[in-house]
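**Student:** Starting off with a structure, shown below.
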Amino acid sequence: MTHPAAYLRSRNLSRATALAIAAGVMLVPANILPVVSTRTGGMARTDTIFSGIVGLWDDGMFGIAAIVFVASILIPALKLVGLTWLIIAARRGPTHRRALTRLFTALDFIGRWSMLDVFLVGFLSGLVQFGALATIHPRIGILAFAAAVVLTVLATDAFDSRVLWIEDKDGAREPLNASAA
Amino acid sequence: MTTPATPRISRRRSLPLVWVVPLIALAIGGWMVFREFRHRGPEITIEFKDGKGVEPRKTTLEYQGVTVGTVTDVELKQDLSGVLVRLRLDKNAAALANDGAQFWIVHPEIGFSGVRGLETLFTGARINVRPGKGAVASHFNGLDKAPALEDSGEGRAFELEADRLGSLSPGAPVFYREVKVGVVETSRLNHNATSVLIRIRVQTPYVNLVRINSRFWNAGGVSFKLSLLGAQLKSTSLESLFSGGVAFATPDSGRELAVAAPEGTVFTLHNEADKDWLKWQPRIEITPVEEAPEPPLPRGPLAPLVKR
């Protein structure tokens, strides 16, 4: 018979795992497909997230390039890596419970900050519609990006941090109240 | 008392419904990528002497006024003799990448015979193409400037042989009774440099006006005559004043017209017209058979006046 703790763990984790995999799948089109096309005075260009960052860098806007890089590439990637790590650790039967719980709190916190790109494209597309002078259109990549961010948030949400603290049959290696410090 | 049935405990865990989500994500993501790459055609490289105004991801390739590709990369040739422009074609334009295709960079051009590429003042340069007919190719030599004229292939081309080019330039008009019926396409020296060969193209509805005994003369520039009776200034049209022009007439001698001149017939280009030539009035049907359908015969009181 399956041990109740293991059962609880596997049930809880499969939701998070499925959503995290879905988020990882969506990150591929989000990064290789164009997210925005701009047309200024008849000069048109379409950009993926990465080419946009390179473009900003080439134009000398190092600060903005760095912000976009962190918000659009680094954070989503780190979030997914962190989540994967949490899930694998929890499946194995956790060891560093306190550190993992902190990681979970951090992931939960930064989740809401990675919609910067989607916000930017939506905002600019609505605002910059000057006909022949300048227009900005969202492209399909931004949808994939938004989906990836939403799925990561859902996955973090589905991950019940209590799984990290479930007592195994052979007893906990760390007492529950150790985190209160 | 009956004992309750022993519960059967399945060792197999059923797959939770949530695993549908990654499958859907895979399907949607795959479709998105497929949709994007479906339109991608081959990548070609064009060599230009000068890449002024060509920028990666901004400069487009246009054919018949429609964007059919985008420049992906521009780099200097290793021996510094020119630039290499790499270009991604749209899939439906893949047929343009054939041997013999001509590529040139369009810059704004303002001349007496017209204004061309003016929009590139604002949009930056763009690349135009005239498709080739050879085998599929991926490396091309770009032209330094636009080919003499858009060779539409319509109408009929003829060669005129002249002592000197005069003021004729590509795009100059060809007149029949001072009506523009064609254009000058190119000019070159003949094989032993004793004369100039000028290629003209007469547009479709007028091709039958050119007969094998037609006479061509230079109608460009101005003629100025000063005599005791006064001064006389003559020019065929303002356009031909600057870019030169060619006029022709077809003799009406006898009942039978000479046969229509075939493609590529060579005529002599005279310096000016004989007075007789200007009086010729041959009757030539100019509506080609394959175009305009036969108009219905007019009925009513005017009918007898119409000669058919």
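The values are calculated or read from the model by the stated rules, or taken from the named source; none is laboratory data. Predicted model only: the values in this text are computed from it and were never measured. Here the Cβ positions follow ideal geometry from the backbone for every residue, glycine too, while neighbour counts run over all protein chains shown. Accessible surface is based on the protein model in full, side chains and every heavy atom, while ligands, DNA and RNA are left aside. Shrake-Rupley method; radii C 1.70, N 1.55, O 1.52, S 1.80 Å.
**Student:** Strands (runs of 3 or more DSSP E) wholly in the range B:110-176 with at least 1 residues that are modelled with pLDDT of 70 or more and open to solvent by less than 70 Å² (accessible area, probe 1.4 Å) - which ones?
**Tutor:** So the answer is B:126-130, B:139-141, B:156-162, B:173-176.
**Student:** Search the range B:55-75 for residues that are within 16 Å of residue B:97 (Cβ to Cβ) and pair each with any residue that is of a type in the set (Phe, Trp, Tyr) and outside any loop (DSSP other than H, G, I, E, B) when their beta-carbon atoms are under 8 Å apart and the residues are at least 6 apart or on different chains.
**Tutor:** Matching pairs, first to second residue: B:61/B:103.
**Student:** Exactly one condition in (1) modelled with pLDDT of 85 or more; (2) open to solvent by 20 Å² or more (accessible area, probe 1.4 Å); (3) aromatic (Phe, Trp, Tyr) is false for residue B:248; which is it?
**Tutor:** (2)
**Student:** So, of the residues in the range A:36-62 that are in a loop (DSSP other than H, G, I, E, B) and in contact (Cβ under 8 Å) with a residue 24 or more places away in the chain, which turns out to be nearest to residue A:117 (Cα to Cα)?
**Tutor:** A:48
**Student:** Counting only residues that are more than 14 Å from chain B (Cβ to nearest Cβ) and closer than 28 Å to residue A:36 by Cβ, give me the helices (runs of 4 or more DSSP H) lying completely in the range A:87-166 with at least 3 of them.
**Tutor:** Passing ranges, in order: A:97-110, A:116-127.
**Student:** Pull up the range A:31-62, narrow it to residues that are open to solvent by less than 60 Å² (accessible area, probe 1.4 Å) and charged (D, E, K, R), then point me to the one that is farthest from the other protein chains (Cβ to nearest Cβ).
**Tutor:** A:47
**Student:** Regarding residue A:65, is this residue within 13 Å of chain B (Cβ to nearest Cβ) and in a helix (DSSP H, G or I)?
**Tutor:** Judged against the criteria, residue A:65 is not a match.
**Student:** To continue, here is another question. Considering only residues that are assigned to a strand (DSSP E or B) and of a type in the set (S, T, N, Q), which ones fall in the range B:177-211?
**Tutor:** Matches in the range B:177-211: B:186, B:187.
**Student:** Go through the range B:188-199 and report how many residues are more than 13 Å from residue B:244 (Cα to Cα) and open to solvent by less than 50 Å² (accessible area, probe 1.4 Å).
**Tutor:** 4
**Student:** Does the range B:57-67 contain at least one residue that is more than 7 Å from chain A (Cβ to nearest Cβ), open to solvent by 90 Å² or more (accessible area, probe 1.4 Å) and at positive phi?
**Tutor:** Checked the range B:57-67: at least one residue is more than 7 Å from chain A (Cβ to nearest Cβ), open to solvent by 90 Å² or more (accessible area, probe 1.4 Å) and at positive phi.
**Student:** Which members of the range B:32-52 meet the condition of being in contact (Cβ under 8 Å) with a residue 24 or more places away in the chain and open to solvent by 40 Å² or more (accessible area, probe 1.4 Å)?
**Tutor:** B:38, B:39, B:40, B:42, B:43, B:47, B:49, B:50, B:52
**Student:** Does residue B:88 fit the bill of being open to solvent by 70 Å² or more (accessible area, probe 1.4 Å), more than 22 Å from residue B:141 (Cα to Cα) and more than 9 Å from chain A (Cβ to nearest Cβ)?
**Tutor:** In short, no.
**Student:** Name the residue that is farthest from residue A:44 (Cα to Cα), counting only residues in the range A:105-127 that are open to solvent by less than 60 Å² (accessible area, probe 1.4 Å) and at pLDDT below 75.
**Tutor:** So, considering only residues that are open to solvent by less than 60 Å² (accessible area, probe 1.4 Å) and at pLDDT below 75, the one farthest from residue A:44 (Cα to Cα) is A:111.
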